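All remarks here apply to the structure that follows.
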Amino acid sequence: MMNQERAMDRREFIKAGAKGVAGLAAATTALGAIKPQRVLGANDRIVMAVIGINGRGREHYRQWVRIPGVEVKTLCDVDERLFPERVAELEKLQGKKPKTEYDLRRVLDDKDIDAISIATCDHWHALATIWACQAGKHVYVEKPTSHNIWEGRKMVEAARRYNRVVQAGMQNRSIEGVRKAIEFLHSGKLGEIYMAKGLCYKPRDCIGRGQEAPVPEGLHWDLWLGPAEYRPYNTILVHYKWHWFWDFGCADIGNQGPHQMDIARWGMNKREHPVRVKCVGGKFACDDDQETPNTQLATFEYADGKILQFEVRGWYTNDEAGVRIGNLFYGTEGWMYLNGDKWYTYYGRKNEPGEYYDGSGDVADPMNLAGAGGAAHFVNFIEAVRANDWTKLNADILEGHMSTVLCHMANISYRLGRELVFDGHAERFVGDEQANYYLSRNYRYPYVVPEKV
């Protein structure tokens, strides 16, 4: 009965949502794909807007303005209290004062803007990306690319339907040392890679308790909530601790996890979903408002029996081979650990040291735009936008979706407390409506991800 009611709710929300983005209607047609608002050449200026400017968004605009020919015209955030400091910083960086908007829809109506970068709360990633594609904008969207599996697939559909360049913020795919590690793994020198593990041993303090309060002046609370169910303003949510609430975030397995699970999947050369998942864990040591676990261990099994694991340890812990945030790969001839952009291999029973990469081979780049580090990922996006060719991306939205699905599968298994079987072609759990309930959510009008994008 719960699922039938939920399905009816979603249909009603979707019908309503078709009317909810009036500002985008002019940019779309009943037949589907739209034409770009202007055709870009290799030397054309790219005009950007950054959506969400509190945390990661600050790094976005700092990186965009370092790339020749890129202008950040607009900063957008639902919290207008952030504008004075961010505007002053950006004006100093690019020599031009940006505009400000608190409503993403007004940004998307601006025909001067070629692309947006999204650094909002997780629950806004999908809708912002889909609206942007419909409005003819290219998109750089942070991880996790989505808040649930269903809307992640809709992001891929929107990118393809409107032929937009959509880069997932999984910058390891542009880091030289990581790329060399993957090339080595694919070479077969470690034998067959039968297991990979991602680590998130990141200490987190207890988040404490919040309280309901009047909405602060300058914060547009309804917009902040967006697709999520309405709730009164609570002091604990804005600006970072929303990560640890299911309505807005995806726990650390969906926060740090997409990076290392993406590397693990890439290293194993898996371009398919696993068929089975089991995730256990809990919230330990803290008596506070946090809903998500601070300890998780997820195991994924692929159709060929190969294994991908991911572990979150948010409290006191050791490391593994000196790695706290990174990856381990196990092959039939030896193993590798990857820590940042550096990696080392070991062979046989005697654990004899083998090939390694310590980062010293990177080409010197005074602007750090093409060498190691996340900057190269932003450059890759701009190059793909100038070419209007999403195949040039290092982390196309489909890759981002595939890796983000792992995070969602793990969380669903954790929340239900049992192993689940997954049909990767349908992106549904097999014969398990209780698990399928978590594939999507009830979207709140007018912030509705539509069935047909």
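The values are calculated or read from the model by the stated rules, or taken from the named source; none is laboratory data. If you're wondering where the values come from, they're calculated on a predicted model, not measured in any experiment. Neighbour counts are summed over all protein chains in view; Cβ atoms, including those assigned to glycine, are modelled from backbone coordinates with ideal geometry.
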Query - Failed item in (1) at positive phi; (2) surrounded by 13 or more Cβ atoms within 10 Å (Cβ to Cβ), with Gly188 passing the rest - result: (2)
Requested in this report: Being crowded, with 16+ Cβ neighbours inside 10 Å, within 21 Å of the chain's Cα centre (by Cα) and in a loop (DSSP other than H, G, I, E, B) narrows it down to one of Thr120, Thr129, so name that one.
Outcome: Thr120
Report task. Determine which member of the set Arg313, Arg324 is crowded, with 17+ Cβ neighbours inside 10 Å, of a type in the set (Lys, Arg), within 30 Å of Lys350 (Cβ to Cβ) and at pLDDT 95 or above. Result -> Arg313
Report task. From the list Leu393, Leu406, Leu369, pick out the single residue that is at pLDDT below 95 and surrounded by 15 or more Cβ atoms within 10 Å (Cβ to Cβ). Result -> Leu369
Requested in this report: Could you list all residues from region 206-251 that are crowded, with 18+ Cβ neighbours inside 10 Å and either touching a strand residue (DSSP E or B) at 6+ places or on another chain (Cβ under 6 Å) or modelled with pLDDT under 95 (or both)?
Outcome: Leu219
**Report entry** Any hit, region 62-75, residues being touching a Ser or Thr at 6+ places or on another chain (Cβ under 9 Å), farther than 21 Å from Arg164 by Cβ and at pLDDT 90 or above
**Finding:** yes
Query - Residue match in region 439-447 (condition: assigned to a helix (DSSP H, G or I) and crowded, with 16+ Cβ neighbours inside 10 Å) - result: yes
Report task. Could you tell me whether Lys180 is touching a strand residue (DSSP E or B) at 6+ places or on another chain (Cβ under 6 Å) and either crowded, with 24+ Cβ neighbours inside 10 Å or at pLDDT below 95 (or both)? Result -> no
Query raised in the report: Can you tell me which of Lys92, Lys143, Lys111 is basic (Lys, Arg), at pLDDT 95 or above and crowded, with 18+ Cβ neighbours inside 10 Å?
Result: Lys143
Query raised in the report: If the Cβ limit is 8 Å and pairs must be 6+ apart or interchain, which residue in region 414-425 that is assigned to a strand (DSSP E or B) pairs with which residue that is exposed (fewer than 15 other Cβ atoms within 10 Å of the Cβ)?
Result: Val421/Val430; Val421/Gly431; Phe422/Val430; Asp423/Val430
Query - Verdict on Arg428 being more than 23 Å from Pro293 (Cα to Cα), more than 19 Å from the chain's Cα centre (by Cα) and outside the structural domain of Gln296 (by TED's automatic domain parsing) - result: no
